[in-house]
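Peer 1: Okay, here's the structure, questions in a sec.
The values are calculated or read from the model by the stated rules, or taken from the named source; none is laboratory data. Since the model is a prediction, treat every value here as computed from it, not as a measurement. Using ideal geometry, Cβ is built from the backbone for each residue, glycine included, and neighbour counts are taken over all protein chains shown. Areas reflect the complete protein model, heavy atoms only, side chains present, ligands, DNA and RNA absent. Shrake-Rupley method; radii C 1.70, N 1.55, O 1.52, S 1.80 Å.
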Amino acid sequence: MGLLSAVSGAVNSGINSVENALGISTGAPSSGGLPSAYAQVFRTIPTPVQQYALYRLSIHAPNRQKTPVEVFTFPLSPSNVRRTMTSMAAFYDTPGAPVSQFGVARIIDQYGMSPLTFVIEGTTGWQKHLTDGFHYTGLQAIRRIQTILEFFAYLNAGQAQAQKTDFYTMEFYDYFTREFYEVVPIGPQEIWQDKDRPILSFYRFTLVGLKPVSGPALPPGSTQDPIAAAFDSTVVTAQANFNTFMGGVNDLYSTASSVVSSVINAAGNIL
């Protein structure tokens, strides 16, 4: 019996070691009646938000410098930003081996992945907002973005009528995901009001991406995007505060561990 108990204890110890390494906890069924045996234990590490949810549209002149003509900063982050990319591939079936391919051979032609298409939905709110520098109320902001879309179409219609070969371009900047794209509005660009919230204006814009751009266009004579610089300073401050907090937590944990060790050692000496 002693040998059997020793072997059993060794096996159970090995199983426990493996379970601990895999993050598996064993035990009696939980109070809710669901078995807790082999329930995986998940852990997280606190991570500060280091990106800012800032979105902009800008129109650029058809010159070498791509001078910004109009810039619009969304006063509120959109409620939805949907990105779609299409895998350009086609397949067709032809007769194949009767056994290995069940009589059909499939041929696939793959060309690549299309640029992103953005669908942006949200509201401009009603108040003035810090994000755009308190420039516009929500109603003024929705009117302004509608004017910018119409102005972009007007500018390029003039270029086409004058038989120009270069056109104005529009760029969309997503500072949260760091995706900066040259885009073209396509299809219905929707703006509406809702009876449940009558003072708010809502929008849904569809922008087809043409190609990525290296980054936001800078104002003339500037070496850094002023809005991004303002938000970057806030992120740096938040990161520093978070690091200070986590340092305090680690110090507290080290102090508590030291006290517990001292108590244990003292108790051992007494015993």
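Peer 1: FRET efficiency for Gln51 and Gln101, Cβ-Cβ distance as r, R0 = 51 Å, nearest 0.05?
Peer 2: Computed FRET efficiency for Gln51 and Gln101 comes out at 0.60.
Peer 1: Here is a further query. Put Asp132, Asp166 in order of accessible area, largest first, 1.4 Å probe: what do you get? Write down the numbers at each step before the final one.
Peer 2: Values: Asp132 20, Asp166 70 Å².
In descending accessible area the options line up as Asp166, Asp132.
Peer 1: Now, a different point. By average Cβ neighbour count within 10 Å, what is the ranking of 157-165, 51-59 from highest down? Present the calculation step by step, with values, prior to reporting the outcome.
Peer 2: Working: 157-165: 9.9, 51-59: 18.9.
Peptide ranking by packing, descending: 51-59, 157-165.
Peer 1: In terms of solvent-accessible area of protein heavy atoms at a 1.4 angstrom probe, what is the ranking of Ile199, Ile145, highest value first?
Peer 2: Details: Ile199 100, Ile145 0 Å².
Descending accessible area places them as Ile199, Ile145.
Peer 1: Okay, moving on. Along each principal axis of its Cα atoms, how long is the range 38-98 end to end? Whole angstroms, biggest number first, please.
Peer 2: Cα extents, longest axis first: 64, 48, 23 Å.
Peer 1: Which parts of the range 117-159 would a label at Phe176 reach, counting a residue when its backbone N lies under 13 Å from a point 7 Å out along Cα-to-Cβ?
Peer 2: 119-123
Peer 1: Could you tell me which of Tyr175, Ile148, Gln127 has its Cα farthest along the dipole of the range 117-184 towards the positive end, charges placed at Cβ (Lys, Arg +1; Asp, Glu -1), taken about the Cα centre?
Peer 2: Gln127
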